[in-house]
1. Order of His136, His192 from fewest to most other C-beta atoms within 10 Å?
2. Rounded to the nearest 5, what is the percent of antiparallel bridges among the DSSP beta bridges in the stretch 159-309?
3. How high is the relative contact order of the chain? Use alpha-carbon pairs under 8 Å, at least six apart in sequence, and give a whole percent.
4. Under the classification rounded if a/c is under 1.5, otherwise prolate if a/b is larger than b/c and oblate if not, where does the stretch 1-128 fall, given a ≥ b ≥ c as square roots of the Cα gyration tensor eigenvalues?
5. Provide Rg and Dmax in Å for the stretch 182-255, with only Cα atoms included in the calculation.
6. Regarding the stretch 286-339, what are the three Cα extents along the principal axes, ordered largest first, in Å?
7. Take every DSSP beta bridge whose two residues both sit in the chain, then give the antiparallel share in percent to the nearest 5.
8. Please report the net charge: other residues with Cβ closer than 14 Å to the Cβ of Ala183, K and R +1, D and E -1.
Amino acid sequence: MMTIPSGYTLAILCGGGPAPGINSVISAVTIEAEKYGWKTLGIFDGFSHLAQGDKKVLNLTTDIVSRIHLEGGSILRMSRFNPTKNAADLAKVVETLIDLGVTHLVTIGGDDTAYSAAQISFYAKKNKGVAVNIVHVPKTIDNDLPLPEGVPTFGFETAREVGANIVENLMEDAKTTGRWYFAIAMGRTAGHLALGIGKSSGATVTIIPEEFDEGKVRLQKIVDILVGSIIKRLASDRNHGVAVIAEGVIEKISPEDLMELDGACRDDHGHIRYSEINFGELIKRAVDKELKSAGIKMTLVDKEIGYELRCAPPIAFDIEYTRNLGFAAFDFLRNGGTDAMITIQNNQIEPLEFDKIRDPATGKTKIRLVNIDSVQYQVAREFMIRLEEQDLNSSVILKKMALLTRTSPDNFIRKYQYITQ
């Protein structure tokens, strides 16, 4: 690639939800751009103003950004506005960028923002005959962008750290008060964050959507997994625990089960609105009902873990990682690159072309799921307290668990054996 000379205007835009380290990317890109004589604009509130033709920008300089790498949140704020939903919005975004004199664009975001960036580049070239060189910096605490296995998205490590600290405190409270917590961790589709938090904090059990490869599952299966863990703990004289559950599990549950739950909101067509379901509360009530039917009294508390993770100050790992990514993003653009997501692999800058990270079936950016065949997941499972086949084969443990639930060993096996297979 040929090095592009000075005199260009670069814009930085943040889409989706916050993640620790955004400001560090903004800082690194701005400082590098200024070194080469490029003008840098910070676009406020994602794509939302651009789609209205509004030029709400901040002229970024080294003086403004020199210390923001230590801060959480985003000095440019965020928006989930989707410019690809209709052609008029997409056209207006491109027109506004051209009016601002933008020749290069750095987008910071997750899978939706990556897709929007790709569409903007394509539209500008096809319909305006203008090249707006674009690079995407992968950001999400969900860790679900299609990077190579073992390469995290920035913000994930800080979110895991903060989340693990929260769950550690819940574990101590559960032990002190003799209760169970159901911690619902963010993760729209993938269970990376829930697994990372559960494993790092030593949570009693973690449930993620990827473990249900059979497609939709009945709510009762989720309930039985949790009840099985509670009973197994009680059989070893421990009346407390914390279960970390990925919010994406709700999309694995059969719709007919959700329709029967109190509080399940529906749209005009009678379909469940997943985003409006208090998943933790619904799981808590279902488990409480099951325990009471077995004669077990247990205090259950649901706790959502999510928003408090997103704007936390980045830990040292994410500060260094995002500074590297910001440098790499500008270096890629400076050398004539475009239409790629920037990554760092084996200490080398590795751009991934938009076309190669797009799911051919949906046209959207691919989603990286937890590999349940990996060592990472297998180790996590080994340290969870879950009902296993060996528990049902141990006459001593089986008798204790059957006694706790006021049933016979044979009936206990019939009820719970399916969740151990």
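1. Numbers: His136 31, His192 28.
Lowest count first: His192, His136.
2. Values: 1 of 18 bridges.
So the antiparallel bridges in the stretch 159-309 amount to around 5 percent.
3. Working: 854 pairs, mean separation 87.7, N = 421.
Normalised by residue count, the contact order of the chain is 21 percent.
4. Working: a/c = 1.82, a/b = 1.23, b/c = 1.48.
Cα axes put the stretch 1-128 in the oblate bin.
5. 12.3, 37
6. 68, 26, 15
7. Details: 12 of 49 bridges.
If I count the DSSP bridges inside the chain, around 25 percent turn out antiparallel.
8. -3
Each value in this text was obtained by applying a stated rule to the coordinates, not by laboratory testing. Since this is a predicted model, take the numbers as computed values, not measurements. Neighbour counts run over all protein chains shown; Cβ positions are idealised from the backbone, glycine included.
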